[in-house]
Amino acid sequence: MSEVSIAPDPLFQTVRKVIIETLDLPGPAQRFTPESGLFGEIPELDSMGVVLLLTALEDRFDIQLSDDEIDAEWFATFGTVTEFIRVRT
């Protein structure tokens, strides 16, 4: 019986890279999965971190985010940020 490997999600990998670089998170990128917590779990994601991250995401994905689109639940995990971007690109 052969193992089935799941292809990595390129959007997740890009979003993860933006988050790690913007917040200057230590350690290998692979330690952050779609389920890895962000808001409330990573001290670097404070109010200034959110602003920096939103700006970086807008620049990287060439999107404009309005204040009414922003909700703390979108920043719960790396995966929720990815889905937030996926529906806007």
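When residues of region 66-89 are filtered for being farther than 14 Å from Val15 by Cβ and either surrounded by 10 or more Cβ atoms within 10 Å (Cβ to Cβ) or of a type outside the set (S, T, N, Q) (or both), how many remain?
Looking only at that region, the number is 7.
Please find, within region 18-41, the residue that is nearest to the chain's Cα centre (by Cα) out of those that are in contact (Cβ under 8 Å) with a residue 40 or more places away in the chain and within 14 Å of Leu53 (Cβ to Cβ). Full working, then the answer.
Start the filter on region 18-41 by keeping residues that are in contact (Cβ under 8 Å) with a residue 40 or more places away in the chain, which leaves 18-19, 32-38.
Add one more test, that the residue is within 14 Å of Leu53 (Cβ to Cβ), and what stays is 18-19, 32, 38.
Working: Val18: 7, Ile19: 5, Phe32: 10, Leu38: 8 Å.
Step by step, filter region 18-41, then rank; the result is Ile19.
Looking at region 36-89, which of its residues are among the aliphatic types (A, V, I, L, M) and closer than 13 Å to Arg16 by Cβ?
Leu38, Ile42, Leu53, Ala56, Leu57, Val81, Ile85 - these are the residues of region 36-89 that are among the aliphatic types (A, V, I, L, M) and closer than 13 Å to Arg16 by Cβ.
Do you know which residues across region 54-89 are outside any helix (DSSP H, G or I) and of a type in the set (A, V, I, L, M)?
Within region 54-89, Ile63, Leu65, Ile70, Ala76, Val87 meet the criteria.
Could you please find all residues in region 1-18 being farther than 17 Å from Arg88 by Cα and either among the β-branched types (Val, Ile, Thr) or at pLDDT below 95 (or both)?
Across region 1-18, the qualifying residues are Met1, Ser2, Glu3, Val4, Ser5, Ile6, Ala7, Pro8.
Has region 47-59 got any residue that is out of contact with any Leu (no Cβ under 8 Å at 6 or more places or on another chain), on the phi < 0 side of the Ramachandran plot and modelled with pLDDT under 90?
Yes, that holds for at least one residue.
Can you work out which of the residues in region 48-79 that are under 14 Å from Gly37 (Cα atoms) and in contact (Cβ under 8 Å) with a residue 40 or more places away in the chain is nearest to the chain's Cα centre (by Cα)?
Checking each candidate, the answer is Phe78.
The values are calculated or read from the model by the stated rules, or taken from the named source; none is laboratory data. Because the structure is a prediction, the values reported are computed rather than measured. Ideal geometry is used to build each Cβ from the backbone, glycine not excepted, and the neighbour counts take in all protein chains shown.
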